[in-house]
Amino acid sequence: MPEQIVRCPYCVLGNEFRPMLRRPRGRAGGRLENWFVCLVCGHKATPGAQHSSCACAKCQEMDRIAIRCRTTGEFQRSLPIDLPRPAAH
């Protein structure tokens, strides 16, 4: 079985995103799960867990930007103008 390569979405090495270091996580349901860490920025990723969160500085900044966009109304302004109106009952 080929070794899984996970790359950091923030750090670049040459002309590719930097490979992350694989770390054993433990057993879940009888199989070994891995998590990955970027040695440059500390970003952590768990490929099978869709809702895992990372506390690295870059992910935290992305969260702050997303919250700021939602609270200032930029998110609402990006929606199509001609949304259907709900039917009156």
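The values are calculated or read from the model by the stated rules, or taken from the named source; none is laboratory data. These numbers were taken from a predicted model, which means no experiment stands behind them. Backbone-built Cβ (ideal geometry, glycine too); neighbour counts: all protein chains shown.
Filter the range 1-17 down to the residues that are of a type outside the set (D, E) and at pLDDT below 85, then identify the one that is nearest to M62 (Cα to Cα).
We begin by selecting, within the range 1-17, every residue of a type outside the set (D, E); these are 1-2, 4-15, 17.
Among the residues that remain, those that are also at pLDDT below 85 are: 1-2, 4.
Details: M1: 35, P2: 32, Q4: 26 Å.
So, considering only residues that are of a type outside the set (D, E) and at pLDDT below 85, the one nearest to M62 (Cα to Cα) is Q4.
Within the range 26-35, restricting attention to residues that are more than 17 Å from A55 (Cα to Cα) and surrounded by 10 or more Cβ atoms within 10 Å (Cβ to Cβ), which residue is modelled with the lowest pLDDT?
Narrowing the range 26-35 to residues more than 17 Å from A55 (Cα to Cα): 26-34.
Filter again for surrounded by 10 or more Cβ atoms within 10 Å (Cβ to Cβ), leaving 28, 33-34.
On the way: A28: 53, E33: 71, N34: 80.
Selected residue: A28.
Please determine, by comparing only the residues of the range 37-67 that are β-branched (V, I, T) and exposed (fewer than 15 other Cβ atoms within 10 Å of the Cβ), which one is nearest to R23 (Cα to Cα). Step through it out loud before you land on a result.
From the range 37-67, those β-branched (V, I, T) are 37, 40, 46, 65, 67; that's our starting set.
Now drop any that are not exposed (fewer than 15 other Cβ atoms within 10 Å of the Cβ), which leaves 40, 65, 67.
Numbers: V40: 15, I65: 29, I67: 31 Å.
So the residue we want is V40.
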